Amino acid sequence: MPLTSFFVLQPRKLLSISRLFIVGLLLMATVGCSTMGNSNNKQREPEPDLSELAHRAAQQMIASNPDLTRYSPMIAATFVSIDNLSQSSTFGRISSEIMASALAQQGMQVREVKMRDSMFIEESVGELILSRQVQRLSSQHNARSILMGTYAQGQDYLYVSTRVVRSGDAMVLGSADFRVKLDNNMRSLLEGQGGW
């Protein structure tokens, strides 16, 4: 090959190699950016709803005390606000209902007190059970245990504490705690307690 041809072809080869190198770098950068973008756009799992949390809590209660079902039948009291034990809401009433249903599915016999005329149900509160009423109501309904619960409202979550207590001596037989995301749906269930 003549020396002049070498000097003429060499810059062209260098230019082609440089172009390939730049194109390769751009492709790698594009792939890297798209991979980073996808990792940030992953769908977050939705937070569990009240029903799912109550069923988990019931399973936890039975797992921690497999003999819990021996204390059937059980009656359920409306869950109340921790800040005012004589106050409840739609949230307190439905929480109690769902929790009682979840325990029934775990084998607990739950007595439905709304079907009996003998228990006074205050329309805006529900089946509140205060300590002075426990003995009377449990004997009246032949209940060996009572489902009770309290809830507290935080900024982003509602915190629920639920217990099954023995009606004879108020000993806690099982308990579970959970929190529910405080969204517009939960806020609407709390409105009945006089504000949120």
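What follows is calculated from the coordinates using simple rules that are stated; it is not laboratory data. Quick caveat: nothing in here was measured; it's all calculated off a predicted structure. In this analysis, Cβ positions are derived from the backbone assuming ideal geometry, glycine residues included, and neighbour counts consider all displayed protein chains.
Assorted remarks:
- Residues in the stretch 43-75 reached by a label modelled at Arg111 [backbone nitrogen below 17 Å; 7 Å Cα→Cβ]: 69-75
- Residue order for Ser139, Ser89, fewest other beta carbons within 10 angstrom first, comes to Ser139, Ser89.
- Note, ³J(HN,Hα) from phi for the stretch 98-111, Karplus 6.51, -1.76, 1.60, rounded to Hz, x at Gly and Pro: 5, 5, 5, 5, 5, 5, 4, 5, 8, x, 7, 7, 10, 8
- Residues whose amide H falls under 5 Å from that of Ser167, counting only those 5 or more places apart or on a different chain, are Ser145, Ile146, with hydrogens built in the peptide plane.
- Summing +1 for each Lys or Arg and -1 for each Asp or Glu among the other residues whose beta-carbon sits under 10 angstrom from that of Glu47 gives -1.
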